[in-house]
Amino acid sequence: VNVVARPDAALCATLAALQAEAYAGGAAPAYQAASIAALAAAAGGVLVVDDPARPDAFALGRVAADEGEVLALAVRPAVRRRGAGAGALAALEAALSAGGAGTVFLEVAEGNDAARALYARAGYAVAGRRRGYYPSKAAVSRADDALVMVKRLC
Ligand SMILES: CC(C)(COP(=O)(O)OP(=O)(O)OC[C@H]1O[C@@H](n2cnc3c(N)ncnc32)[C@H](O)[C@@H]1OP(=O)(O)O)[C@@H](O)C(=O)NCCC(=O)NCCS
């Protein structure tokens, strides 16, 4: 897994397509390529990609002061349950920690069982709920609510 500080336009387009494919089940709205580029290059932004030449998995996050945030985690459906998601998340956490984060937060749709299971196994605990967080067009399966999950890194 690689940290990519300044992804080029082609990589951002590939990742946006990957995320749209990965989130097609309604996990959450996916980012446009330009947003991935801007978030990765912004102060505190972190993008990790399994293989930048042929991506199957990526994670995007940011750190502000001592708080990290997971903004996106996507694995191509064809390669799931082989550890790519957990690996990308671990690499993102390492980079957020290196950037000063002591705690990592994320939002996950309440009905997203796969992601909730992954985050729970990675040590995240539910810390709150954001009602109506996801726009209804995201067609999240059980609810439009997000659960806030948190993990202490140190
Ligand atoms: C969630 C997601 C990133 C998981 O990626 P993945 O590469 O399949 O995950 P991993 O193989 O690393 O799984 C790690 C662990 O998470 C849990 N897990 C992952 N997918 C699961 C599923 N469908 N059902 C139950 N548990 C699951 C398991 O404990 C798994 O370990 P195991 O395979 O040894 O049982 C992937 O399903 C995805 O891209 N989903 C759509 C996008 C999304 O929901 N992103 C998160 C938005 S907040």
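Readers should treat all values here as calculations from the given coordinates under stated rules, not as data from a laboratory. Computed from a predicted structure; not experimentally measured.
Classify segment 20-80: rounded, prolate or oblate, from the alpha-carbon gyration tensor (a ≥ b ≥ c, eigenvalue square roots; a/c under 1.5 rounded; otherwise prolate if a/b is larger than b/c)? Prolate shape, in that a/c is at least 1.5 and a/b is the bigger ratio. For the chain, modelled as a GNM whose springs connect Cα atoms under 10 angstrom apart, the maximal fluctuation among A94, A57, A84 occurs at A94. In percent, rounded to a whole number, the relative contact order of the chain is 22, using alpha-carbon pairs under 8 Å and six or more apart. Here segment 7-145 is treated as an ellipsoid with the same Cα gyration tensor; its semi-axes, largest first and in whole Å, are 20, 19, 15. Using just its DSSP H runs of length 4 or more, each adding -39500 (n - 2.57), the chain gives a mean residue ellipticity at 222 nm of -9500 deg cm²/dmol after division by all residues.
State the antiparallel share, in %, of DSSP beta bridges confined to the chain, rounding to the nearest 5.
Numbers: 27 of 31 bridges.
Taking every DSSP beta bridge with both residues in the chain, the antiparallel ones total about 85 percent.
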